[in-house]
Amino acid sequence: MIEIALNFALAAVTLSLLLCGWRLLRGPETPDRLLALDTLYINVVALVILLGILWRTSLLFEAALIVAMLGFVSTVALARYLSRGDVIE
């Protein structure tokens, strides 16, 4: 039963990745693209965690943590750049 749920979750997250990628490429404004990029990071973290559960390996959980940290830092840096024009004051 758990494998069916994991496969369904993998399909849902993959569909979400595709839709966010579409929004990233076709977003009408820059803030829309920034939010799509942030959502892509969240979906990648979810995908890596689901694959770690499915493959029963703990290495992917550490990779998900690294992706989450890099995603947060890059989203904050891009938001600062778009709002102020520079990243470091």
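Each value in this text was obtained by applying a stated rule to the coordinates, not by laboratory testing. Please read these numbers as outputs of a predicted model, since none were measured by experiment. Backbone-built Cβ (ideal geometry, glycine too); neighbour counts: all protein chains shown.
According to the Kirkwood relation over distinct C-alpha pairs, the hydrodynamic radius of the stretch 2-84 is 13.6 Å. Once the Cα-Cα distance is subtracted from the 0.36 nm per residue extended length, the residue 17 to residue 87 segment shows a gain of 22.5 nm. Under 11 Å from the Cβ of residue 35, count the other residues' Cβ atoms, weight Lys and Arg +1, Asp and Glu -1, and hand me the total. Combined, the nearby Lys, Arg, Asp and Glu give -1.
For the chain, the relative contact order works out to 24 percent when only alpha carbon pairs closer than 8 Å and six or more residues apart are counted. Within the shell of other residues whose beta carbon sits under 13 angstrom from the beta carbon of residue 73, the net charge comes to 0, with Lys and Arg scored +1 and Asp and Glu -1.
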